[in-house]
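Please treat every number below as a calculation from the coordinates, not as lab data. What you are looking at is a predicted structure, and each value in this text was computed from that prediction instead of being measured. Note that we place each Cβ from the backbone using ideal geometry, even for glycine, and neighbour counts take in every protein chain shown.
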């Protein structure tokens, strides 16, 4: 008689392998997305000029002209913001650090960031001003679709 034990499949092992494969895929997608962030002028955010151009393709030439008009100033303001941050860090690392000097350096960072944000908002406003009522409706519909994702709805406050 054959007394060798029968092979049994372990469903727990199979489920574990499946979950591990999903986890590896999720990590891979996350790393890919983190390394491929769009940092071009006019990107980022629901109402960024590049998103508006995608939502309303007929307005793309006008939006591109707005981006081109603001691009040089945006680049200069990004450099100024980075320079202010580097200057604050250099001050922190220097031997003549004082809290008063650091406050001044951090105020310069805040001013540089504010100037960059004001220019970004101005570019967004100029982009939105180029849209016709139908194009604005397309943009609003796209933003509403993005904001009504099934995943985000899970975290909304449902009230009392």
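In table form, for the structure just shown:
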item: Cα-based helix-to-principal-axis angle, 11-35 vs the chain, degrees rounded to 10; result: 20
item: Gain upon complete extension [residue 19, residue 140; 0.36 nm per residue less C-alpha separation]; result: 39.8 nm
item: Highest average packing first - 67-73, 118-124, Cβ atoms within 10 Å; result: 118-124, 67-73
item: Estimated FRET transfer efficiency (residue 76, residue 47; beta-carbon r; R0 22 Å; 0.05); result: 0.45
item: Helix axis angle, 133-147 relative to the chain longest principal axis, alpha carbon, degrees; result: 40
item: log10 of Debye I(q)/I(0), alpha-carbon scatterers only, for the chain at 0.20 Å⁻¹; result: -1.18
item: Förster radius 41 Å - calculated FRET efficiency between residue 36 and residue 96 (Cβ-Cβ, nearest 0.05); result: 0.50
item: Highest-first arrangement of 53-60, 139-146, 89-96, where packing means the average Cβ count within 10 Å; result: 53-60, 139-146, 89-96
item: Taking the range 41-145 and dividing mean pair separation by its residue count, relative contact order in percent (alpha carbons under 8 Å, at least six apart); result: 39
item: Rough spin-label spacing in nm, given labels placed 7 Å along Cα→Cβ, for residue 11 and residue 110; result: 6.1
item: Folded to 0 to 90 degrees: helix 99-129 orientation relative to the chain principal axis, Cα; result: 80
